[in-house]
């Protein structure tokens, strides 16, 4: 066989194999069984022979698989078919698969490296053999092992639980001491062949080991819990919300319902012509701080007032000082200033009790006050 033409044909076939996209792959170990025809190199002086192989392998990703394979063939020598001529070996092969989604049969290329051993009987009396061949009886036998490489392409497809491979490969055997090379054409020669090239045409079966992998089952969609939902955006989850649909700007209690907030500071009164907080006022303001902390969305105005004694200008200043006293107490006890409007003074313009503006009737403690007015 013309080795150069065969190599060119194989390389040409490999160049026609295209690329494909990746997909899910079966990463189980598998065993292989292969049968085919070994088309012997003409220089061997042997006839073509069937061969068989068994192996084990695994896909390492959707594109690549690796195999270890034992092979055996028993060709007959052209010169004497009664003489034994057997060959066996091991090969470690890598296959690059070109997988396309939805395609049952996919091409691949194969590259391998291994070891081949030959056992070759010969007639020691043949005058064409060089004297270096050992004569150890009639017939004599040569046993030798050499490195071998493989290059080829094929197609693999699933047929149920197993897969089928069809493959054409060219195996280069670095056997440089074959008896057949000296006797193939009945012409005396000084040297045999440096290497041989055999063609392997085969069909094989790939049997995965173990149970077939199950596709992952997507978890059933889980309905969102009412504890994770707040449809009306009031800060209370749907499970606890007794008043769905609360309006924006309302003060909402822990049950989701609007809470009427009233901070009554009418008891925060001042002594006549004073703006300092009395002990009873401090107790009331302490409760006000707790209410404001309980309802963080509540904003209030700090408003100061006076009774009707004195001039308007003096009472305006006094009311502002009283509002400031309350404002300072709230901010110093943890109420953020951004929640407070003011402090604002209204002087004597908003009395709760109408009195004469003359002494002593104008002295009215109810009017001498500071209020917290809820803001929207």
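At 0.36 nm per residue, and after removing the present C-alpha to C-alpha distance, how many nm does the segment from residue 365 to residue 276 gain when stretched out fully?
Working: separation 89, 0.36 × 89 = 32.04 nm, distance 1.40 nm.
Length gained, residue 365 through residue 276: 30.6 nm.
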Quiz item: Roughly what would the spin-label model give for residue 291 and residue 92, points 7 Å off Cα along C-beta, in nm?
Solution: 8.6 nm
Quiz prompt | Spin-label proximity, residue 239 to region 265-297 - amide N less than 15 Å from point 7 Å beyond Cα toward beta carbon | solution = none
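For region 261-375, report the translational diffusion coefficient in µm²/s to the nearest whole number, using Stokes-Einstein at 4 °C, 1.567 mPa s, and a Kirkwood Rh over Cα pairs. Walk me through the numbers before you get to the answer.
Values: Rh = 14.0 Å.
Roughly 92 µm²/s, to the nearest whole number.
Please quote Rg/Rh for region 35-130 to two decimal places, taking the Kirkwood radius as Rh and restricting both calculations to Cα atoms. Don't skip to the end; give the middle numbers.
Numbers: Rg = 18.1 Å, Rh = 15.9 Å.
Dividing the radius of gyration by the Kirkwood radius yields 1.14.
Where a number appears in this text, it was derived from the coordinates with a stated rule and is not lab data. As the structure is a prediction and not an experimental result, all values here were calculated from the model. Neighbour counts are summed over all protein chains in view; Cβ atoms, including those assigned to glycine, are modelled from backbone coordinates with ideal geometry.
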